[in-house]
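**Student:** Next up is a structure, given as structure tokens.
The values are calculated or read from the model by the stated rules, or taken from the named source; none is laboratory data. These figures come from a predicted structure and were not determined experimentally. These area figures cover heavy atoms from the full protein model, side chains too; ligands, DNA and RNA do not enter into them. Shrake-Rupley method; radii C 1.70, N 1.55, O 1.52, S 1.80 Å.
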Amino acid sequence: MKVGILALQGDVREHKRILTKLDAEPVEVKLPQDLEDLDALIIPGGESTTIGMLIKKYKLDIAIKEKHKLGMPIYGACAGAIILAKNIIGSSQPKLALADISIKRNEYGSQINSFEANLSIKDIGDFKGIFIRAPIIKSFYNGCQVLSEHNNHPVMVRQNNLLITTFHPELINDTRIHEYFLNMAQEYKQVRDMQRDIEKSDE
Ligand code: GLN
């Protein structure tokens with residue numbers, strides 16, 4: 001399975017390491033053509049203003065939105081979650097605006113910038129969540145499914161082919177969230193393979 005990692009800024013290496021461990025093929029995405037032939041895309045944590053700006057600069061926004069429309073799974077972690085949100089409270093920074101969530105950056109406060117929390121995740125179980133200057137999802141709409149919450153705020157959400165965490169699973173040696181995402185990618189790949197077969201038999 002070919003999984004793209006948006007490689008403009010942020011935790012690219014860490015996601016690569018986990019994908020390789022799971023026998024998936026990580027692909028660094030820097031330009032629109034890098035999205036061709038991918039089964040899924042990860043938008044890593046980092047600095048959402050920088051990532052958003054570069055996405056626009058390299059015209060990746062249009063290309064990623066097209067892939068999203070086709071059903072390609074996209075996973076945004078932390079800054080990636082911010083980039084995917086339709087509404088970033090109090091900020092007009094560039095974003096993809098694909099997920100029906102309202103999110104507030106750096107909302108756990110400036111003093112407690114990072115923390116660990118024991119989470120319970122639907123279909124996965126107990127999981128150690130690493131939060132680094134994390135945002136808070138303040139509200140969600142239109143069929144967003146909350147897979148985990150912390151202090152009454154969603155920290156893992158799924159909306160169709162979008163997966164969002166406000167924490168960083170790539171920083172620990174637990175591969176289960178990436179496995180969950182690879183399952184989403186597998187479903188998409190199967191549908192695409194089927195469509196290709198149909199197109200071929202029509203020729
Ligand atoms: N605070 C960062 C932002 O607003 C996100 C932090 C992270 O990805 N760890 O973009």
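**Student:** Given the pairs Lys16/Lys57; Lys30/Lys56; Lys30/Lys95; Lys86/Lys138; Lys21/Lys59, which are separated by over 22 angstrom at their Cα positions?
**Tutor:** Numbers: Lys16/Lys57 24 Å; Lys30/Lys56 11 Å; Lys30/Lys95 16 Å; Lys86/Lys138 12 Å; Lys21/Lys59 31 Å.
Long pairs (Cα-Cα over 22 Å): Lys16/Lys57; Lys21/Lys59.
**Student:** Compute the angle between helix 12-21 and the longest alpha-carbon principal axis of the chain, please, reported from 0 to 90 degrees and rounded to the nearest 10.
**Tutor:** Taking Cα atoms only, the helix is inclined about 60 degrees.
**Student:** OK, next. Would you work out the relative contact order for the range 24-162, in percent, from Cα pairs under 8 angstrom that are 6 or more residues apart?
**Tutor:** The value is 19 percent.
**Student:** Would you compute, from DSSP H runs of 4+ residues alone, the mean residue ellipticity of the chain at 222 nm, taking -39500 (n - 2.57) per run and dividing by the full residue count, rounded to the nearest 500?
**Tutor:** On the way: 5 runs with 64 residues, N = 203.
Result for the chain, helices only: -10000 deg cm²/dmol.
**Student:** Using Cα springs under 10 Å in a Gaussian network model of the chain, which residue among Lys69, Lys189, Lys95 shows the largest mean-square fluctuation?
**Tutor:** Maximum among the listed residues: Lys69.
**Student:** Ratio to report: Rg/Rh of the chain, with Cα atoms as the point set and Rh obtained by the Kirkwood method; give two decimals. Mind dumping the intermediate values first?
**Tutor:** Working: Rg = 16.3 Å, Rh = 17.0 Å.
Here the Rg-to-Rh quotient is 0.96.
**Student:** Between Asn152 and Ser139, what is 0.36 nm times their sequence separation minus the Cα-Cα distance? Round to one decimal in nm. Provide the component values of the computation, followed by the final result.
**Tutor:** On the way: separation 13, 0.36 × 13 = 4.68 nm, distance 1.10 nm.
Extending this stretch completely gives an extra 3.6 nm.
**Student:** Right, something else. Starting from the coordinates of the alpha-carbon atoms of the range 161-203, obtain the Kirkwood hydrodynamic radius over all distinct pairs and give the value in Å to one decimal. Numbers along the way, then the final one.
**Tutor:** Details: mean 1/r = 0.0800 Å⁻¹.
In the range 161-203 this quantity evaluates to 12.5 Å.
**Student:** Something else now. Expressed as an acute angle from 0 to 90° and rounded to the nearest 10, what is the orientation of the C-alpha long axis of helix 48-57 relative to the principal long axis of the chain?
**Tutor:** 30 degrees
**Student:** Moving on. Restricting to bridges with both residues inside the chain, how much of the DSSP beta-bridge set is antiparallel, in percent to the nearest 5?
**Tutor:** Antiparallel bridges make up about 55 percent of those DSSP assigns within the chain.
**Student:** Provide, as a two-decimal number, the C-alpha radius of gyration of the range 13-78 over 2.2 N^0.38 Å, N being how many residues it has. Intermediate values should be presented prior to the final figure.
**Tutor:** On the way: Rg = 11.9 Å, N = 66, 2.2 N^0.38 = 10.8 Å.
Its radius of gyration relative to the 2.2 N^0.38 Å reference: 1.10.
**Student:** Test of understanding: express the Cα radius of gyration of the range 108-193 as a ratio to 2.2 N^0.38 Å, with N the residue count.
**Tutor:** Details: Rg = 13.8 Å, N = 86, 2.2 N^0.38 = 12.0 Å.
So the Cα radius of gyration is 1.16 times the expected 2.2 N^0.38 Å.
**Student:** What translational diffusion coefficient, to the nearest whole µm²/s, does the range 40-153 have by Stokes-Einstein, given a Kirkwood radius computed over alpha-carbon pairs, a temperature of 25 °C and 0.890 mPa s viscosity? Walk me through the numbers before you get to the answer.
**Tutor:** Values: Rh = 14.8 Å.
Diffusion coefficient, whole number: 165 µm²/s.
**Student:** Here is a further query. Return one number: the angle in degrees, 0 to 90 and rounded to the nearest 10, between the long axis of the Cα atoms of helix 176-202 and the longest principal axis of the Cα atoms of the chain.
**Tutor:** With both axes taken from Cα atoms, the answer is about 20 degrees.
**Student:** Given a 1.4 Å probe and every protein chain left where it sits, what share in percent of the accessible area of the chain is carbon and sulfur? Can you show the working numbers first?
**Tutor:** On the way: 4580 of 9830 Å².
The C+S portion of the solvent-accessible surface of the chain is 47 percent.
**Student:** Now for a separate question. Calculate, for the chain, the solvent-accessible area per residue in square angstrom, rolling a 1.4 angstrom probe over the heavy atoms of the protein chains. Can you show the working numbers first?
**Tutor:** Working: 9830 Å² over 203 residues.
Computed with neighbouring chains in place, this is 48 Å² per residue.
**Student:** Taking only Cα atoms of the range 48-98, what ratio of Rg to Rh do you get with Rh as the Kirkwood inverse-distance radius? Walk me through the numbers on the way to the answer.
**Tutor:** Values: Rg = 10.4 Å, Rh = 11.0 Å.
Radius of gyration over Kirkwood radius for the range 48-98 works out to 0.94.
**Student:** Could you run the Karplus curve 6.51 cos²θ - 1.76 cosθ + 1.60 with θ = phi - 60° over the range 36-47 and give me ³J(HN,Hα) per residue in whole Hz, x for Gly and Pro?
**Tutor:** Using θ = phi - 60°, the values come out as 4, 6, 8, 9, 5, 9, 10, 9, x, x, x, 10 Hz.
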